[in-house]
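Structure, as structure tokens:
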Amino acid sequence: MNLSPKAIRFIIEALDYRIEAYQQHLQLENLDEDEASDITNDALFLESLRQELTNNLRVITSQSV
């Protein structure tokens, strides 16, 4: 999939929002161990996606200079 730098930045922003929501949910809610584990795993997965997109954005922007 070819995404423009603008699209990648938009997706990164959305991931940041979702990761923050997960972190708040973990802090504010009274979750059992399984729920907390699921949310933590999802947040870690989103963080890895974010990192990959950030790396791709750096490559794309360095190639266009």
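The values are calculated or read from the model by the stated rules, or taken from the named source; none is laboratory data. What you see is a predicted model, and the numbers here were worked out from it, not measured in a lab. Virtual Cβ from ideal backbone geometry, glycine too; neighbours counted across all protein chains shown. Heads up: the accessible areas ignore ligands, DNA and RNA and are worked out on the full protein's heavy atoms, side chains in. Shrake-Rupley method; radii C 1.70, N 1.55, O 1.52, S 1.80 Å.
Taking first residues from the stretch 16-44 that are basic (Lys, Arg) and partners that are open to solvent by less than 80 Å² (accessible area, probe 1.4 Å), the Cβ contacts under 6 Å between residues at least 6 apart in sequence or on separate chains come to Arg18/Leu46. Just so you know, in the stretch 20-61 the residues that are in a loop (DSSP other than H, G, I, E, B) and open to solvent by 60 Å² or more (accessible area, probe 1.4 Å) include one that is modelled with the highest pLDDT, and it is Asp32.
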